[in-house]
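Asker: The following block contains the structure, expressed as structure tokens.
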Amino acid sequence: MSSPTTPRTPVWRRPFPLLRENRRAYAIITASTYGLFVIGFVIGLLFPALPAARAATLATDGTGHLVGAVAESAPLFALVILAVNVLRLSLLTIVVPSLIVPFAGLAFFGYWLVETGITLVPSTSLAWVAMIPHSLTVLIELQAYALLALGVFLLGRAWLRPASVSAPTRRAGYLRGLRSLGILSIPAVVLLVIGAVWEAYSLRYLVFPLSEVLL
């Protein structure tokens, strides 16, 4: 008589046990993520020349022109935001370096957080109004990156200490860490989609009405 088949855990539920098992590391990484961003923001407030220089860089490298070109269409704007957040920030900044050197993406991510905090310091009254809806964007997107950062931390730990995941070799530990990273990528991508849609539509349709009320 064959034993009953164990039902597979739905994909959307798989991140939760992993987060519970690593709740201490998750709490530290999440606090560090928001903390480094706030540090960058405070630095930008104390030294206004820094965000001004970042704004000038974005204007000269074509970023400002790209935003202006697509901002008129909220769906296209959301798609561009999502592509940038997934490809440049998630993959190239956090994930890919960590696939080559353990924890490398965490260092790049930390630098990006401080730099982004400096960049987002508003320089005009309208920009301060825009920060009202954009603050929710920051909360959502940074949480997505924190999940990926936890994933690369688990990958690096399993890679260097395979016994921590009951793996016999570093290669096996690497593969198990890669699986954990893949599981945590699921809620991260969902949050990035939500963040991109909210960012595009809030900047397109909420900033002007808010400025009419507050300015």
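Asker: For Val121, state whether it is modelled with pLDDT of 95 or more, outside any helix (DSSP H, G or I) and closer than 23 Å to Leu58 by Cα.
Answerer: When the stated conditions are applied, Val121 passes them.
Asker: Could you list, in sequence order, all residues of the stretch 37-55 that are at pLDDT 95 or above, open to solvent by 60 Å² or more (accessible area, probe 1.4 Å) and over 18 Å from His134 (Cβ atoms)?
Answerer: Hits for the stretch 37-55 are Ile39, Leu46, Phe47.
Asker: Listed residues Leu155, Leu91; which is open to solvent by 30 Å² or more (accessible area, probe 1.4 Å) and under 22 Å from Pro187 (Cα atoms)?
Answerer: Leu91
Asker: Only one residue in Val70, Val80, Val96 is over 25 Å from Arg24 (Cβ atoms), free of Cβ contacts under 8 Å to residues at least 60 places away in the same chain, open to solvent by less than 20 Å² (accessible area, probe 1.4 Å) and not charged (D, E, K, R). Which one?
Answerer: So the residue among Val70, Val80, Val96 that is over 25 Å from Arg24 (Cβ atoms), free of Cβ contacts under 8 Å to residues at least 60 places away in the same chain, open to solvent by less than 20 Å² (accessible area, probe 1.4 Å) and not charged (D, E, K, R) is Val70.
Asker: Same structure, new question: For the stretch 111-137, enumerate the residues that are touching a residue at least 40 places away in the same chain (Cβ under 8 Å) and of a type in the set (A, V, I, L, M).
Answerer: Leu113, Val114, Ile118, Leu120, Val121, Leu126, Val129, Ala130, Ile132, Leu136
Asker: In the list Ala188, Ala167, Ala146, Ala130, which residue meets the criterion of being open to solvent by less than 30 Å² (accessible area, probe 1.4 Å) and not in a helix (DSSP H, G or I)?
Answerer: None of the others qualify; the one that does is Ala167.
Asker: Give the residues of the stretch 138-186 that are aliphatic (A, V, I, L, M), in contact with a Pro (Cβ under 7 Å, 6 or more places away or on another chain) and free of Cβ contacts under 8 Å to residues at least 60 places away in the same chain, sorted by residue number.
Answerer: If the condition is that a residue be aliphatic (A, V, I, L, M), in contact with a Pro (Cβ under 7 Å, 6 or more places away or on another chain) and free of Cβ contacts under 8 Å to residues at least 60 places away in the same chain, then Leu160, Ala172 are the ones that fit.
Asker: Of everything in the stretch 191-215 that's at pLDDT below 95 and among the β-branched types (Val, Ile, Thr), which residue is most open to solvent (accessible area, probe 1.4 Å)?
Answerer: Among those that are at pLDDT below 95 and among the β-branched types (Val, Ile, Thr), it is Val213.
Asker: I've got another one for you. Give just the number: which of (1) closer than 23 Å to Val86 by Cβ; (2) surrounded by fewer than 19 Cβ atoms within 10 Å (Cβ to Cβ); (3) in contact (Cβ under 8 Å) with a residue 24 or more places away in the chain does Phe108 not satisfy?
Answerer: All conditions are met except number (3).
Asker: Out of Val95, Val80, Val114, Val70, I need the residue that is in contact with a helix residue (DSSP H, G or I) (Cβ under 8 Å, 6 or more places away or on another chain), modelled with pLDDT of 95 or more, closer than 27 Å to Leu203 by Cα and not basic (Lys, Arg). Which one?
Answerer: Answer to the selection: Val114.
The values are calculated or read from the model by the stated rules, or taken from the named source; none is laboratory data. These numbers come from a predicted model, not from an experiment. Reconstructed Cβ throughout: ideal geometry from the backbone, glycine too, with neighbour counts over all protein chains shown. For accessibility, only protein heavy atoms count, side chains too; no ligands or nucleic acids. Shrake-Rupley method; radii C 1.70, N 1.55, O 1.52, S 1.80 Å.
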